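The values are calculated or read from the model by the stated rules, or taken from the named source; none is laboratory data. Model, not experiment: these values are computed from the prediction. For neighbour counting, all protein chains shown are included, and Cβ atoms are generated from backbone atoms with ideal geometry for every residue, glycine included.
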Ligand SMILES: *Cc1c(COP(=O)(O)O)cnc(C)c1O
């Protein structure tokens, strides 16, 4: 047993329920406001974009929500995912710490995003939706949703940020292989896209613009098309808890329990997925695991942002939520971890950070690539640049344990592989990457530009 490296579950161990942290969270949920009226949103407003079942999951307070059998059938194509003890990395570091990672890159699209893409496609199909619209930046979310839509017979329109569309042809072709239609955003298919192109024909696009286009198409479709989001929302975080529920069983197989859990955060979903089941154990069963969200110094919403009400998107079409934010008009620097370039954070993760139940750290870009390469050379998996933020923090923890001569049990989520990110690795290995520090004055300036939002009691 003591030299075991992979901890595998059987298909029959696949979770039957998602865990809803809202049942146990000591912090009450904050209201979601309409972007126009700044009044709490009604289910009617949301039902233009989402099927009712997902809206109900968004506000549910039940502790466990059953995973439909149709969703579990497709999860079985890649779940349960392996938990691996990084023995060779431990040796390379010379640390007494035990390092474990949960490998979500084992999914067909190469990241954890399939865990929510599959149920979102399912609940839309069940509600009679014919087609979905979405945005994608680097392409991981678009790939995951393309596969899920194909399996449930839904059409999919993906609005892909133009600069990525041109720079990442393989992600686009992967989406097309699964049958999606992919457009370089800004497009001339929407009012918003045409208005952007009219003022800047060479616009490289942004996630904010792409979200606005995907939302507009769904809103104007008379119910035929719905919109789908890959992070941030409560139901998305909840779908990801299959990661942590499996990891709990697998740590049990390893006869250990983590002292600390790391996950990278963009919108917060893969971190929530691994951390929330361990948070439940902290809150209800007396465990004391440290839960640490790891973000880039270039977009440090949790460590430098303000916890306040702000718009979810740049065009101010998305709901206003209470979150750690750098300001909705913040334009993130072009770091290679495209999936972490978001001005805000999931409201649920933000509230738990504010309540000191979750910790946060920020790491600079070059240090994440250094960690990624050390990990790849020891463990044989090239990590996604996003996931490498969690690896950096895990390695730093293992080195700290070494310096103090402590045996510590470390668990991190390897949210995806980096096989489509070779350009980023090439730039690190053969060129030069910049490290960005977010200037403190910039936060104050961004906050001054926020609309005055009177918070409902
Ligand atoms: C999208 C993505 C992320 C960031 O999104 P979260 O919602 O914060 O998880 C992290 N890792 C990978 C591999 C991704 O594709």
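Among the residues of the stretch 212-232, the ones that are in contact with a helix residue (DSSP H, G or I) (Cβ under 6 Å, 6 or more places away or on another chain) and assigned to a loop (DSSP other than H, G, I, E, B) come to 3 in all. Of everything in the stretch 97-118 that is assigned to a helix (DSSP H, G or I) and out of contact with any strand residue (DSSP E or B) (no Cβ under 8 Å at 6 or more places or on another chain), the residue that is farthest from the ligand (Cβ to nearest atom) is 118.
Of the residues 390, 360, 398, which is part of a strand (DSSP E or B) and modelled with pLDDT of 95 or more? When all the criteria are applied, what remains is 360. Looking across 412, 420, 375, one residue alone is within 15 Å of the ligand (Cβ to nearest atom) and out of contact with any strand residue (DSSP E or B) (no Cβ under 8 Å at 6 or more places or on another chain). It is 420. Give the residue that is surrounded by the fewest Cβ atoms within 10 Å (Cβ to Cβ), with candidates limited to residues of the stretch 135-153 that are out of contact with any strand residue (DSSP E or B) (no Cβ under 6 Å at 6 or more places or on another chain), on the phi < 0 side of the Ramachandran plot and outside any helix (DSSP H, G or I). Going through the qualifying residues, I end up with 152. Only one residue in 395, 358 is within 15 Å of the ligand (Cβ to nearest atom), crowded, with 24+ Cβ neighbours inside 10 Å and not assigned by TED's automatic domain parsing to the domain that holds residue 164. Which one? Just a single option satisfies the conditions, and that option is 358.
From the list 215, 261, the one residue that fits, being buried (at least 23 other Cβ atoms within 10 Å of the Cβ) and within 16 Å of the ligand (Cβ to nearest atom), is 261. Taking the conditions (1) at pLDDT 95 or above; (2) crowded, with 22+ Cβ neighbours inside 10 Å; (3) more than 12 Å from the ligand (Cβ to nearest atom); (4) within 23 Å of residue 164 (Cβ to Cβ) in turn, residue 353 satisfies each one other than (4). Per the listing 121, 117, the residue uniquely within 17 Å of the chain's Cα centre (by Cα) and either surrounded by 22 or more Cβ atoms within 10 Å (Cβ to Cβ) or touching a residue at least 12 places away in the same chain (Cβ under 8 Å) (or both) is 117.
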